[in-house]
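In what follows, a single structure is set out as structure tokens and then discussed.
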Amino acid sequence: MIRTNERRCTEVYFKGEHLKLEELKQNDNLTLNDYLYNLIPPQPEEVEIKVSYLRHNTSLQGYHGIWDSEGFKKPSQSDSPKRDLVWWSPDISRRDITIAEEQYLNRQGFYNEVKPFLHKFTSSPAFLASSRMGNFRFSMSIDELLKSYKQQFCEGQEPNIRIFETVVYKQEVMYSIVIHAPHVQDLFSEYPLLPKHRDAVCVFRKDTIIWRPQAMSKTHRFYLSPNKQAIRIRTKARKNYMWDNIGVAFHVPDGQIFRFSKAILCKSLRLCEGAEPKLNSEEFVKCEFDPIRP
């Protein structure tokens, strides 16, 4: 339930579950987390973000390791085979936000023309172009990642996609998914397969993850009015809140590498701005940052 992670940070975790914020509030280990109990101002609820690209952010040292080995692996030895994981996170573009807003308005039955507003609420680190892990970003489509994983680790079979954990940090809730080969399912049999129902935090559909974020801003600067207008909150009235995110972990057994040609690695690589607080001991490098996907 409580552990210290590899970065020596304390985290509360729930194995094999994706617990929503209201469910987390019922847990005794989280009663002292003030961010969790701050009441989020009115915001777009039940937004669905269609995630078709994932990103792997890393430092200069991590970049050299990936480039030299032509692929991805866990950089340090794990205490368990089920922790031999290569982590990716959503790579969400401006267009992804626009599409999510249009679909949200349609589901709400709201057909009056309104000014774009969702970008004002998707301001947590999960949606930003910057990175707390380092300045080097590999961005690939889920379709490309799954096809390569299937060929390299699954002997042509479809990989299993399971709920892994809910992990709660001081101000972040991370919902993780694990992807693994069928022949190692005994390692992950205690983790349920990712569900397909509409109430789930995230589902997988046609090489796309449908993510339903509950807390999209670290600091809410706006609230949403009944007529779908983003109303600015006075600076003195603003508070910090929990924000949620998803993580996608590919199981890569110890000694193996999730391989890609240097041509693919080069095509998928771009530089990104570093963000505080750093999650890596290396200093950020000074560079010209590439634009995010449109």
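Any read-out appearing in this document is the output of simple, stated calculations on the displayed coordinates, not a laboratory observation. Predicted model only: the values in this text are computed from it and were never measured. Here Cβ is always computed from backbone atoms with ideal geometry, including for glycine, and neighbour counts include all displayed protein chains.
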Q.
Taking θ = phi - 60°, what integer Hz values does the Karplus form 6.51 cos²θ - 1.76 cosθ + 1.60 yield along region 13-26, in sequence order, with x for Gly and Pro?
A. 10, 10, 6, x, 9, 10, 8, 6, 4, 5, 6, 5, 5, 8
Q) Of SER69, SER59, SER131, which has the largest mean-square fluctuation in a 10 Å C-alpha GNM of the chain? A) SER69
Q: Take the cross-link list LYS50/LYS267; LYS82/LYS206; LYS147/LYS267 and give me the ones stretching past 19 Å between alpha-carbons.
A: LYS50/LYS267; LYS82/LYS206
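In the neighborhood of LEU105, defined by Cβ-to-Cβ distances under 11 Å, what is the net charge if each Lys or Arg adds +1 and each Asp or Glu adds -1?
Details: positive: ARG107, LYS228; negative: GLU101, GLU102, GLU113.
Net of charged neighbours comes to -1.
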Q.
Just want to confirm a number: the relative contact order over region 1-126, from Cα pairs under 8 angstrom separated by 6+ residues, in percent.
A. 22 percent
Q.
Test of understanding: in a Gaussian network model of the chain with alpha carbons linked when under 10 Å, which of THR208, THR166, THR31 would top the mean-square fluctuation ranking?
A. THR31
Q: Could you point to the residue in TYR35, ILE142, SER130 farthest towards the positive end of region 17-157's charge dipole, with +1 and -1 charges on the Cβ of Lys/Arg and Asp/Glu respectively?
A: SER130
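Quick one: compute the contact order of the chain, relative version, from alpha carbon pairs under 8 angstrom and 6+ residues apart, as a percent. Intermediate results must be reported in sequence, preceding the final value.
On the way: 542 pairs, mean separation 89.2, N = 294.
After rounding, I find 30 percent.
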Q) Relative contact order for region 133-285: what is it in percent, counting Cα pairs under 8 Å that are at least 6 residues apart? A) 32 percent
Q) Based on the Cβ-Cβ distance of SER69 and ARG94, what FRET efficiency does E = 1/(1 + (r/R0)^6) give at R0 = 25 Å, to the nearest 0.05? A) 0.15
Q: Describe numerically, in nm with one decimal, the distance between label points set 7 Å from Cα along Cα→Cβ at LEU271 and at SER76.
A: 2.8 nm
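Sum -39500 (n - 2.57) across every DSSP H segment of at least 4 residues in the chain, then divide by the residue count to get the 222 nm mean residue ellipticity, nearest 500. Each step should come with its number before you reach the end.
On the way: 7 runs with 55 residues, N = 294.
So the helix-based figure for the chain works out to -5000 deg cm²/dmol.
About the Cα centre of region 128-208, what is the dipole size in debye to 20, counting +1 per Lys and Arg Cβ and -1 per Asp and Glu Cβ, all else neutral? Write down the numbers at each step before the final one.
Working: 10 positive and 10 negative charges, 66 e Å.
Dipole about the Cα centre, nearest 20: 320 debye.
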Q | Taking only Cα atoms of the chain, radius of gyration then Dmax in Å | A | 19.2, 58
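Gain in length, LEU128 to SER52, computed as 0.36 nm per residue apart minus the alpha-carbon separation, to one decimal in nm? Could the numbers behind the result be given before it?
Details: separation 76, 0.36 × 76 = 27.36 nm, distance 1.62 nm.
Here the segment from LEU128 to SER52 would lengthen by 25.7 nm.
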Q | Cβ-placed point charges (K, R +1; D, E -1), dipole of region 76-119 about Cα centre in debye, nearest 20 | A | 40 debye
Q) Taking a point 7 angstrom from the Cα of ASN5 along the C-beta vector, which residues in region 83-116 have backbone N less than 16 Å away? A) 83-90
Q.
If you filter region 93-160 for GluC sites (Glu not before Pro), then keep DSSP loop positions with at most 13 other Cβ within 10 Å, what is left?
A. GLU113, GLU155
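Round to the nearest 0.05 the FRET efficiency obtained for ASP254 and ARG205 when R0 = 35 Å and r is the Cβ-Cβ distance.
On the way: r = 32 Å, r/R0 = 0.90.
Once rounded, the FRET efficiency stands at 0.65.
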Q.
One quarter of the convex hull surface, Cα atoms only: what value does that give for region 32-150 in nm²?
A. 11.1 nm²
Q) Gap in Å between the Cα centre of region 183-245 and the Cα centre of region 73-91? A) 23 Å
